[in-house]
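The block underneath contains the structure these notes are about, expressed in structure tokens.
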Amino acid sequence: MKIINDITNFIFLEDKPQKADIIFIPGCAYAELAEHAARLWCSGYSKIILPSGKYSVKRGYFPGPLSKSDKYTGQYKTEWEFLKDVLVQNGVDETAILKEDESENTYENAVNSKKVTDSHNLTIKKAIICCKAFHARRALMYYQLYYPETDFIICPTETQGVNKEGWFKSDAGIDTVMGELTRCGWQFKDIFKTLI
């Protein structure tokens, strides 16, 4: 169905990796994002990585890894601590990892990441975002707001079994993707009104 293709093409973004000034990882509890970012770093796509996140405002605490908890067993208090550990265990030099551990949602990931890069006097002309596949559009929209001059390369990772090929074949996939589509509307409604 064309409508499924249209939604898929809107939500699921993916670019070929390119060399960039930084790799952003919006906060989450899934190891796959940081593992993918580590592979890109080890392959020389960027010298700096900025994982972001405290924990979800809905939870009020970091629940621990939601994937690969047998491999990543630390007592993590924040998403940033968890993502940093995944990066280090996968070959990233600690000195390449910047810190942002106050964010409780995607909007704050972008806002606070900008504060961190500004505090380090970094000019971000090109950036990679390593995010969940179904989160790609919304993550890009927020980061574009705070880095309007930056060229973004989206390098997503499948989590929770939700991917562009089959999201519409399960209740969980439909709920997840349509939830993202909805958030891309109502979360940006007031922001767009300020741009008029």
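The values are calculated or read from the model by the stated rules, or taken from the named source; none is laboratory data. Just so it is clear, the model here is predicted, and its values are computed rather than measured. Using ideal geometry, Cβ is built from the backbone for each residue, glycine included, and neighbour counts are taken over all protein chains shown.
Of note:
- Of the set (1) within 24 Å of F134 (Cβ to Cβ); (2) surrounded by fewer than 17 Cβ atoms within 10 Å (Cβ to Cβ), all apply to A29 but (2).
- Qualifying position, being crowded, with 22+ Cβ neighbours inside 10 Å and of a type in the set (S, T, Y), among S43, S52: S52
- The range 12-31 residues that are more than 17 Å from D151 (Cα to Cα) and in contact (Cβ under 8 Å) with a residue 12 or more places away in the chain, paired with ones that are of a type in the set (A, V, I, L, M) and assigned to a loop (DSSP other than H, G, I, E, B) (beta carbon under 8 Å, 6 or more apart): C28/L66; A29/L66; Y30/L66
- Here K77 meets the list (1) over 27 Å from E165 (Cβ atoms); (2) assigned to a strand (DSSP E or B) almost entirely, failing just condition (2).
- Answer from E108, E81, E94, E100 - the residue that is closer than 24 Å to A20 by Cα and touching a Pro at 6+ places or on another chain (Cβ under 8 Å): E100
- Test: residue in the range 101-120 that is of a type in the set (D, E), surrounded by fewer than 18 Cβ atoms within 10 Å (Cβ to Cβ) and touching a residue at least 12 places away in the same chain (Cβ under 8 Å): yes
- Condition check for K126: touching an Asp or Glu at 6+ places or on another chain (Cβ under 6 Å), charged (D, E, K, R) and surrounded by 14 or more Cβ atoms within 10 Å (Cβ to Cβ): yes
- Pick from the range 150-196, criterion of a type in the set (K, R) and exposed (fewer than 15 other Cβ atoms within 10 Å of the Cβ), ranking: farthest from A133 (Cα to Cα): K193
- Some residue of the range 48-66 being at positive phi and modelled with pLDDT under 95: yes
- Qualifying residue in the range 5-24 (condition: aliphatic (A, V, I, L, M) and within 13 Å of E79 (Cβ to Cβ)): no
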